[in-house]
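Trainee: Structure in structure tokens, see below.
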Amino acid sequence: MRKDSRIILALDEVREERAIWVAEQVADLVDAIKINWPLVLSTSPEMITRLSKLAPVICDFKVADIPNTASLIVAQAVKRGAEGVIVHGFTGSDSVKAAVEAAEGRQIFVVTEMSHPGGAEHTAQAAESIARMAVDCGASGIIAPATRPERVAKMRSIIGDLLILSPGVGAQGGSASAALSKGADYVIVGRSIYGAEGPREAASRLVEEAKGVTPR
């Protein structure tokens, strides 16, 4: 995955034509496009392949299952062109290791702590342990909340050089510059871009904000 703008688009649009149009508008500005179940379920898994022709695709399937099922899901996503897959860490090290093995060199990102307010109730309690597990399991990186940038800094102190993808910028109230300055490698932005009247202009503004933060 490239690291030019440090912006990842969370394309949670459910209208197929609109989703493709938005992706085409910003593909050269963002470093990757993250897709979740809403887009896949409203179209088809083939959307992974279509979007992968425009930019690297991260499948945010938040896989949370036994090792065999996790392995099957990751393998299918990679087969269709995914550059990375996001999995939950609370399922344990055996499930995370199965995901890493199934990725066959593609990237596995482990959720440590969710970005919404409820994320502070449960996932945050285990986040530091999950971060250490991600390192031990050979994951490429973790997910840490831009809505709580101090937690990004804490995760960075635990995982060393692994990548941090930080969601929650824009509609959830997180700041791109704050998350990046605390150690995030990338910030994930959804509604502020795909819901904008001018997605390219919205993405460009975020790219300029990110440029103002010195990369780690």
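The values are calculated or read from the model by the stated rules, or taken from the named source; none is laboratory data. Since we're looking at a predicted model, the values are computed, not measured. Counting neighbours? That spans all protein chains shown, and the Cβs are built from the backbone with ideal geometry, glycine included.
Trainee: In the range 184-216, how many are in a loop (DSSP other than H, G, I, E, B), modelled with pLDDT of 90 or more and over 15 Å from the mean Cα position of the chain (by Cα)?
Mentor: Within the range 184-216, residues that are in a loop (DSSP other than H, G, I, E, B), modelled with pLDDT of 90 or more and over 15 Å from the mean Cα position of the chain (by Cα) number 4.
Trainee: Read through the list (1) within 16 Å of Tyr194 (Cβ to Cβ); (2) touching a residue at least 40 places away in the same chain (Cβ under 8 Å); (3) assigned to a loop (DSSP other than H, G, I, E, B), then give the number of the only condition that Leu54 fails.
Mentor: That leaves (2) as the condition not met.
Trainee: Say we look at the range 92-138 and pick out the residues that are assigned to a helix (DSSP H, G or I), small (Gly, Ala, Ser) and in contact with a strand residue (DSSP E or B) (Cβ under 6 Å, 6 or more places away or on another chain); which of these is farthest from Arg148 (Cα to Cα)?
Mentor: This residue is Ala99.
Conditions (1) closer than 16 Å to Gly81 by Cα; (2) out of contact with any helix residue (DSSP H, G or I) (no Cβ under 8 Å at 6 or more places or on another chain); (3) of a type in the set (A, V, I, L, M, F, W, C), marked per residue:
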| site | (1), (2), (3) |
| --- | --- |
| Glu16 | no, no, no |
| Val22 | no, no, yes |
| Gln25 | no, no, no |
| Asp28 | no, yes, no |
| Val40 | yes, no, yes |
| Pro45 | yes, no, no |
| Thr49 | yes, yes, no |
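Trainee: Inside the range 10-30, can you point out the residues that are buried (at least 18 other Cβ atoms within 10 Å of the Cβ) and either under 15 Å from Glu209 (Cα atoms) or without any contact (Cβ under 8 Å) to a residue 12 or more places away in the chain (or both)?
Mentor: Leu29, Val30
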